Each structure stands twice: as structure tokens, then as C-alpha cells.
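The values are calculated or read from the model by the stated rules, or taken from the named source; none is laboratory data. In this text the structure is predicted, and so the values were computed from the model without any measurement. All Cβ positions, glycine included, derive from the backbone under ideal geometry; neighbour counts span all protein chains shown. Each accessible area value is taken on the protein alone, full model and side chains, heavy atoms only, with ligands, DNA and RNA left out. Shrake-Rupley method; radii C 1.70, N 1.55, O 1.52, S 1.80 Å.
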Amino acid sequence: MEKCGIVKAEDYTSFVLEPQYDEISYVTDSQTFLVTANKKVGLFTKDGKRKIDLAYDKITSMGQDSKLYAVETNNMHGVVDENGKIIIYPQYDQVGTDVSSFSYSNTKNGYILMNKLIPVKNGDLWAFFDTSGQKVSDGFKYQSIGCSSVKSGNNIYPLLQIPEYNVVVVSDEEGKYGFMDTTGNDAILNFLFDEMYIKVSEGEPSYWMTFRDKEYEILKYLKQSNDNTTVSQKQENTTNGN
């Protein structure tokens, strides 16, 4: 079988990568070479320096700015950084979530939500890690991420996250929806809601949730929750003499 390599464009004689690989492809967003040999893949810089060893079955960029890669080995998934350091050990069933249902909010990266949260699935349940590999949520406890199944109607769209409040929609094991923020706090609103969605009127979005067939405006309740948290923090600081 012929082997693949990369030569320098200046002279076409010096090698960037020696012709010893089964396949080479260029990863545009990270400007790296994804190489395959003996059914294992690794990553090299455009100058030919090895970044990630040929140790995985699959490597996928998690976004140009993240400098992180989702890796797969023996059908298990994890995360490594641009130098091959393991951030999340490849021992989980899935890294990243499908965001194709949330096209209205222009969410394109299902690997990292709100630039911080990495969704990870173990069995049937989800947890969140941060980009340094620390677990943010209290264990694997969420049945789903985002509310993709919503009431039918014109100009109604599924809801995944509200970045201005740093919250993502999650559901418990009973299929009820609530929010988790980027610190892992999911007690912002109780897990009581049947649906959460976006309504668009004259080009302007608003956020809604339903409980027992009644609609409630989400931002009103999130604002109240934020105000209550601020008051509690001020009271705590006063008690501590700060």
C-alpha cells in the first residue's frame, strides 16, 4: 500500500511529514494535519511537529479557539488539549451534544456551550465539565440538554441556552425542565416545566416555559432569581463584616 507524506511548497523535495502514513487530511480550523497509520489517528502541526500521538480511533476539533479535541478510542470518548494532554479521560459514551435542533439561536458548537461547558454522556445521563476538565454539574443526572421537542406553532423554536444569563436548559430523569448555570447551580428554577421555547414576534425573540398548560415568561423569573441571589450575597457579606 502506498504511503502518504507532505512536502514543502518551496522546493518540493524537503518533507514536512515523511511518507509513512496511510492517510493525511488538513484540519482548516486548527491549521493542523490529521494523520492515520495502522488504523490510529494523530495530529501534527503544519510544520510537521507532533501534537497528539497516533493513539486514537478518531480525533475531532472542538472549535478553533478552544484548542481542544474530542477523541475516541474503543468506542469511548474523551477530550485532549492541543498538546495531547488528557483533559477528560476517554471513558464516556459521548462528548458534545447535537445542536442541529437549535438553529434559530445560531448555536453551532455542541462540544462547548457558552464557551465553558462541555456536555458529556455516561449511559443515558448527562453531566457537564469545564474546559479544564473539572466536573461542573453534580454528577451525571440530566436526561437531556435543551428542550428540542416543543409545542407546534408558527415562529416557535426549541430552546438550548440563554447566554446573557449564563444558563443552559436541562431536564431531570422525569423529563421536567429547568436551568443550570455555568457554575453548576441547577436550583435557579425548580424542575417543574413541561416545555421551554423561543417565540419570535416581528423579528424579536422572547423566552417562554409551560407548567400545567400555563405559559410563563422565562426572563422575568430569571431576573427575580438573580435579584434574590444578589440580596442574599449582600446579606451574607454584611453578616461576615465585609
- From most to least accessible, 1.4 Å probe, no ligand or DNA/RNA atoms counted, Phe140, Phe193 line up as Phe140, Phe193
- Task: At 7 Å along the Cα-to-beta-carbon direction for both Glu82 and Val27, put a label point, then send me their distance in nm to one decimal.
- Result: 1.1 nm
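Extension gain Lys141-Lys49, at 0.36 nm per residue separation less the Cα-Cα distance, in nm? Present the calculation step by step, with values, prior to reporting the outcome.
Values: separation 92, 0.36 × 92 = 33.12 nm, distance 4.04 nm.
Additional length available on full extension: 29.1 nm.
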- Item | Segment Glu18-Tyr89, extension gain: residue separation times 0.36 nm, minus the distance between their alpha carbons | 22.5 nm
- Task: For every helix of n ≥ 4 consecutive DSSP H residues, a contribution of -39,500 (n - 2.57) applies; sum these over the chain, divide by its total residues, and give [θ] at 222 nm rounded to the nearest 500 deg cm²/dmol.
- Result: -3000 deg cm²/dmol
- Note on the structure: In the list [x] 22.3, 74; [y] 19.6, 66; [z] 16.9, 56, the entry giving Rg and Dmax of the Cα atoms in Å computed from the coordinates is [x]
- Query: With every protein chain present, what is the per residue accessible area of segment 175-219 (1.4 Å probe, Å²)?
  - Reply: 53 Å²
- Message: Taking the 0 to 90 degree range and rounding to the nearest ten, how far is the long axis of helix 218-239 tilted relative to the main principal axis of the chain, both from C-alpha atoms?
- Response: 90 degrees
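Return the carbon/sulfur percentage of the accessible area of the chain, one whole number, probe 1.4 Å, all protein chains in place. Could you put the intermediate results ahead of the total?
Numbers: 5820 of 13870 Å².
With neighbouring chains kept in place, the figure for the chain is 42 percent.
Work out the FRET efficiency for Glu173 and Asp57 from their Cβ-Cβ distance, taking R0 = 25 Å, and round it to the nearest 0.05. Don't skip to the end; give the middle numbers.
On the way: r = 31 Å, r/R0 = 1.23.
After rounding to 0.05, the efficiency reads 0.20.
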- Message: For Cα pairs less than 8 Å apart in space and 6+ apart in sequence, what is the mean separation divided by the residue count of the chain, i.e. the relative contact order in percent?
- Response: 8 percent
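Calculate, for Asn226 and Glu10, the FRET efficiency according to 1/(1 + (r/R0)^6) with r their C-beta to C-beta distance and R0 51 Å; round to the nearest 0.05. Please report the intermediate quantities before stating the final value.
Working: r = 57 Å, r/R0 = 1.12.
Result of the calculation: an efficiency of 0.35.
What does the accessible area per residue of segment 19-170 come to in Å², with a 1.4 Å probe and no ligands, DNA or RNA counted?
Working: 7690 Å² over 152 residues.
Heavy-atom SASA per residue in segment 19-170 reads 51 Å².
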